[in-house]
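Here's the structure we're looking at; comments come further down.
No value in this document is a laboratory result; all are computed from the given coordinates. Please read all numbers here as calculations on a predicted model, not as lab measurements. Ideal geometry is used to build each Cβ from the backbone, glycine not excepted, and the neighbour counts take in all protein chains shown.
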Amino acid sequence: MNPLAAILVRDMRIAVRVGGGALIGVLFFLVVVTLTPFALGPDIALLARIGPAILWLAALLASLLALDRLFAGDHEDGSLDLILTGRAPLELIVAAKGLAHWLTTGLPLIIAAPLIGLLLDLDGRAEAALVLTFLVGTPALTFIGLIGAAIAVTLRRGGLLLAVLVLPLTVPVLIFGVAAANAAVIGPVPFGTPFTVLCALTLASLVVGPFAAAAALRQEME
Amino acid sequence: MRLSASDLTCRRGGREVFAGLNFSLGSGEAVTIRGRNGAGKSSLLRMVVGLTRVAAGRLILEGGDPEMTLGEQVHYLGHQDALKPSLSVGENLRFWAGFFGAAAADIGAPLAAVGLEELIDLPAAYLSAGQRRRLSIARLLAVKRPIWLLDEPTSTLDTAAQQQLGEFMRAHLAGGGLIMAATHGALGLDNAQELTLDRKSALQTLEALP
């Protein structure tokens, strides 16, 4: 079996087993979005207007949840030592782990988003735009998060540091994700403009994330 | 195949752990590394794996695969078992066999060799310390690599399993493999070289403390 496929399958298996992080993210996402109408009151016009922003914020926080265990688990049980003796480049292994993380935490968010959008009175057009921005934007959140997860790998309470490190880096993704979703509903900017920037941010993070994370891991393992 | 070190020096946290270490190990030969706690036995093994930086000196492998680094030709059996508690015994071993690119990912024979074939579907969380160690040893049998680096391999193993490990090691040496093992006890290898790490430099640092 290909080493990268082996990593991908193993990480996804662990995520969906007991104690894995797959469902935690999507449950957290549902809870945060569900709480919002209670906090803001039953103003349907207001909810529809800020709906995309709420969903994006919730998705951003949810994608951070399982991230701190991404490398820390492998570091603590010695798997990372053995992974470094494998023949696959660390950059690709990091990317495979990122893909597994996205498939188990990012993809469920995208599936849950249309359902939860109903709570915020989003119409069909807004929901379609939102799902599209999630599909393009959530991989960027994961792959930027890889860098933080790699830097915090040897720390016992790395989760908090991870959030502090990663959240500022995700600001551009948040801005253009929400802007694209809003543009589809309210205008006046055409949907394509912020959406193209979002695509570019994702492509850049897919390239930079694994290299930066692998460099950080090599440094930490010394 | 010959693994040799010349003037090897290890520094951890700014402190010299050992210096000027020389050894040479050919095909079919084993070396046991001895020394007190903190003498640098594990650091030496991790250095050969490539996990600890070589502060000075050289590590040379002659006759190995020129396409691969030294670390890619070793099996490292460290203190940690590298097992995932939520995966079953079979899934854990199958993952490592697949990750290291074993041609035939047949894990039945290695599992039977370490006596875990009946537990193949049991989550690794339920294994005892000795069974976890045996599952790690099965990894060495499932994937062929010429150099075995064993860090306290017999800890947590019962007497029968220790003898079994001795047989695995003798078979590996008979097949032209190399073994470096850090241990306090006996390994059951007849003509293994001994490499003793003394802590002269480390002790001097300790005595210099107020």
>> Please give the Cα centre distance for the range A:1-32 versus the range B:90-156, rounded to the nearest Å.
In response: 24
>> Using a 10 Å cut-off around each Cβ, can you sort B:Cys10, A:Cys199 from fewest to most neighbouring Cβ atoms?
In response: A:Cys199, B:Cys10
> How about the range A:126-222: which trypsin sites (Lys or Arg not before Pro) there lie in a loop by DSSP and see at most 13 other Cβ atoms within 10 Å?
Replying inline: A:Arg156, A:Arg157
> Given a cut-off of under 8 Å on Cα pairs at least six residues apart, what relative contact order in percent is computed for the range A:3-221?
Replying inline: 26
> If Lys and Arg each add +1 and Asp and Glu each add -1, what is the summed charge of the other residues whose beta carbon sits under 14 Å from the beta carbon of B:Glu62?
Replying inline: 0
>> In whole Hz and in residue order, list the ³J(HN,Hα) couplings for the range B:115-128 that follow from phi through the Karplus curve 6.51 cos²θ - 1.76 cosθ + 1.60, θ = phi - 60°; x for Gly and Pro.
In response: x, 10, 5, 7, 9, 4, 9, 7, x, 4, 4, 8, 7, 7
> Taking only pairs that are 8 or more places apart or on different chains, how many Lys pairs in the protein assembly as shown have Cα atoms under 28 angstrom apart?
Replying inline: 6
> What is the mean number of Cβ atoms from other protein chains located within 10 Å of the Cβ atom of each residue in peptide B:84-96, rounded to a whole number?
Replying inline: 4
>> I'd like the distance separating the alpha-carbon centroids of the range B:39-77 and the range A:39-108, in whole Å.
In response: 34
>> Could you work out the pair-distance distribution P(r) of the range A:3-221 from its alpha-carbon pairs, with 5 angstrom bin width and percents rounded to whole numbers?
In response: 1, 8, 15, 19, 19, 15, 10, 7, 4, 2, 1, 0
> Counting Lys and Arg as +1 and Asp and Glu as -1, what is the net charge of the other residues whose Cβ lies under 9 Å from the Cβ of B:Ser42?
Replying inline: 0
> HN-Hα J couplings of the range A:173-186 from phi, Karplus 6.51/-1.76/1.60, θ = phi - 60°, integer Hz, Gly and Pro as x?
Replying inline: 4, 4, 4, 7, x, 5, 4, 5, 5, 5, 4, 5, 9, 9
> In deg cm²/dmol and to the nearest 500, what is the mean residue ellipticity at 222 nm of chain B if only DSSP H runs of at least 4 residues count, each as -39500 (n - 2.57), divided by the residue total?
Replying inline: -9500 deg cm²/dmol
>> What distance in nm separates the two pseudo spin-label positions at A:Ile44 and B:Glu118, each 7 Å out from Cα along the beta-carbon direction?
In response: 6.6
> Which whole-number percent gives the relative contact order of chain B, counting Cα pairs below 8 Å spaced six or more residues apart?
Replying inline: 31
> Within a Cβ distance under 14 Å of A:Leu90, other residues only, what is the Lys/Arg minus Asp/Glu net charge?
Replying inline: -3
